[in-house]
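Values quoted throughout were computed directly from the atomic coordinates according to the rules given, and no laboratory measurement underlies them. Because the structure is a prediction, the values reported are computed rather than measured. So basically every Cβ, Gly included, is an ideal-geometry build from the backbone, and we count neighbours across all protein chains shown.
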């Protein structure tokens with residue numbers, strides 16, 4: 001497949017609200033690619049379609065993230081059935097992880113999962129994310145952990161994934177990667193941005209060989225208190241439009 005692939009627009013087949021969501025989700029895929037966080041075709045970002053059905057949008061399996069458009073996104077239900085005609089299919093592992101969180105968490109409108117070098121590196125460390133940077137300190141109260149069980153093809157894993165996630169916004173999937181949820185695509189992207197920056201800082205600090213400086217217990221407690229409003233609706237009001245403008249300067253085809 002290529003960016004030049006002819007994909008029929010679905011704008012006239014969906015509500016205005018869903019079309020806007022499709023544009024935001026396609027933009028999220030492009031931004032993940034722009035930051036170098038994509039893993040060919042093997043990770044996933046999903047967004048729940050407004051309405052009582054709990055349908056959600058996810059990437060067509062086989063398209064790279066820099067190719068994703070609003071119309072190419074596949075709409076599926078919680079059983080993995082494609083509910084709107086599409087020439088594409090979806091990754092079963094993506095369905096397992098994302099359907100679990102969309103079903104269990106009403107606030108998880110967007111679920112973003114990546115396999116970056118630094119994120120996987122931290123996920124393989126016994127101590128998980130350490131309080132080594134401001135980003136990491138801000139994230140400490142928001143992170144959950146889930147032990148590796150193999151490629152996420154077993155639907156039984158969904159119950160354990162949801163239990164481990166609890167009410168947290170972020171998750172480190174042990175020996176696997178990172179995950180963020182958000183009430184919008186913008187909030188989920190900002191959350192994963194903070195987490196990936198924190199993971200990169202940790203890998204770099206630990207690889208330098210020098211003795212690590214840990215903040216005081218008081219500083220950790222203060223930052224934890226300061227992080228209570230992190231990732232709440234509104235924090236994305238400035239950052240997300242700016243990110244879209246940055247993306248538009250490169251390529252606007254995600255909107256099609």
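Taking the Cα atoms of the range 81-204, the ratio Rg/Rh between the radius of gyration and the Kirkwood radius comes to 0.98.
Using only the Cα atoms of the range 148-237, construct the convex hull and provide its projected area averaged over every direction, in square nanometres to one decimal.
Value for the range 148-237: 7.9 nm².
Peptide packing for 68-81, 120-133 was compared via the average number of neighbouring C-beta atoms within 10 Å per residue; ordered from the highest value, the list is 68-81, 120-133.
Please report the antiparallel percentage of DSSP beta bridges with both residues in the range 126-256, rounded to the nearest 5. Given both bridge residues lie in the range 126-256, the antiparallel proportion sits at roughly 50 percent. Expressed as a whole percent, the proportion of Cα-Cα pairs in the range 3-97 lying more than 16 Å apart is 51%.
The range 226-256 and the range 202-221 have Cα centres spaced 30 Å apart. The angle between the Cα long axis of helix 16-34 and the main principal axis of the chain comes to about 50°, on a 0 to 90 degree scale. Antiparallel beta bridges, as assigned by DSSP with both residues in the range 130-183, represent about 50 percent of the total such bridges. Please work out, to two decimal places, the log10 of the ratio I(q)/I(0) at q = 0.14 Å⁻¹ from a Debye calculation in which every Cα of the chain carries one identical scatterer. Once normalised to I(0) and log-transformed, intensities are -0.92.
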